[in-house]
């Protein structure tokens, strides 16, 4: 019923499960019509897994706006209504009906859709010090309140708690957590250890990942390997409470496009780290934007995506999720970026 791990593989009902699909963060809070159309499109494109947000944090609850959690006086309050977590209920049950699995991060490192900065604002902590989210006992407690609410929420459609939903492949502590500055690596590892243990207490059914970008601490010259972001992929994999590793890949955005061997090396290094830890590893975000100057067309992008996905399959990776699958409706016009794909003609 639940996706499990066996060494470096994911398994479902005793057979290997390679998580293939897309990121589509708006699925958890968009309208029913857009959600159903996008899910059907993903299924048509061959996806078996989607990654979407299990957070939507606001400073207030405005009439007619969708929010999952907001500031009410001096306290954060969860919104379980039709413009709140009931929309996540629909995503989970619709995914199950289509035999799709979900990876659900619980907070964003970035300010988009609230994220860690929203917590800092609620608590009166310095917004210019992101490490406060990891360091502050009050922030940790506020985040644990949210985790407890989500994992123990009873889906109003299925009647099951989220911790019992078979459509959920894995929870992620955060989307792209970083902790720069002196002592950032140690602080982030401490936070991951405490929060992951708390998640484990609430949910023993589902896999758990950190949701990080997969940066290394290997003292190399590259900013992706020298530890400056406070993320130590190998140390995170070594934590008992973390089931699988995640890494992202944006060669253009990271300044690596000129290095044609970078994608293959980046993928190989993470698969090897997973093999060393005997845990599955997923390339859970990757993207290229079509740019004439860079020589990237729709066709060449499709080719490269296929090559990277095949490398993950062939070399022992556990999954690959493209960033991102969109929808061309006016409702989701603001949920697009230069990597967004809509149909089979634009994806691999």
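Just so it is clear, none of the values below were taken in a lab; they were calculated from the coordinates. Bear in mind that the values here come from a model prediction, so they are computed numbers and not experimental data. Glycine gets a Cβ as well: all are built from the backbone with ideal geometry, and neighbour counts include every protein chain shown.
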Using 0.36 nm per residue, how much length does the chain from residue 83 to residue 98 gain when fully extended, once their Cα-Cα distance is taken away?
3.1 nm
What does DSSP give for the chain in terms of the percent of beta bridges that are antiparallel, rounded to the nearest 5?
30 percent
Over 5 Å intervals from 0, what percent of Cα-Cα pairs in segment 56-168 sits in each interval?
2, 12, 21, 22, 18, 13, 8, 3, 1
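Just need the relative contact order of the chain here, percent rounded to a whole number, with Cα pairs under 8 Å and 6+ apart. It would help to have the intermediate numbers written out before the result.
Working: 678 pairs, mean separation 62.6, N = 348.
So the answer I get is 18 percent.
Out of the DSSP beta bridges found with both residues in segment 1-68, what percent are antiparallel (nearest 5)?
Working: 5 of 8 bridges.
Of those bridges, close to 60 percent are antiparallel.
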Computed E for residue 218/residue 342 - FRET, C-beta separation, R0 41 angstrom, nearest 0.05:
0.60
For segment 172-228, report the translational diffusion coefficient in µm²/s to the nearest whole number, using Stokes-Einstein at 10 °C, 1.306 mPa s, and a Kirkwood Rh over Cα pairs.
127 µm²/s
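Can you pull the Kirkwood radius for segment 212-348, inverse mean 1/r over Cα pairs, to one decimal in Å? Please report the intermediate quantities before stating the final value.
Numbers: mean 1/r = 0.0630 Å⁻¹.
15.9 Å is the Kirkwood radius here.
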Rounded Å value of the spacing that divides the Cα centres of segment 131-210 and segment 11-28:
19 Å
Per residue and in Å³, how big is the convex hull formed by the alpha-carbon atoms of the chain?
131 Å³
Rounded to the nearest 0.05, FRET efficiency between residue 138 and residue 186 (Cβ-Cβ, R0 22 Å) equals 0.65
Mind telling me which of 114, 317, 81 comes out most flexible in a GNM of the chain, alpha-carbon contacts under 10 Å?
81
Extending each Cα 7 Å along its Cβ direction at residue 161 and residue 40, get the distance between those two points in nm, one decimal.
3.5 nm
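For segment 128-213, what is the Kirkwood estimate of the hydrodynamic radius, computed as the reciprocal of the mean inverse distance between distinct Cα atoms, to one decimal in Å?
Working: mean 1/r = 0.0721 Å⁻¹.
Here the Kirkwood hydrodynamic radius works out to 13.9 Å.
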Whole-Å distance, taken between Cα centres, linking segment 237-264 and segment 286-323:
13 Å
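Give me the number: length gained by fully extending residue 32 to residue 112, i.e. 0.36 nm times residue separation minus the C-alpha to C-alpha distance, one decimal in nm.
Details: separation 80, 0.36 × 80 = 28.80 nm, distance 2.21 nm.
Between residue 32 and residue 112, full extension yields 26.6 nm more.
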With 10 Å bins from zero, work out the P(r) of segment 197-243 over every alpha carbon pair and list the percent per bin.
27, 41, 23, 9, 0
Please build a GNM for the chain, connecting alpha carbons under 10 Å apart, and tell me which residue among 276, 252, 260 fluctuates the most.
260
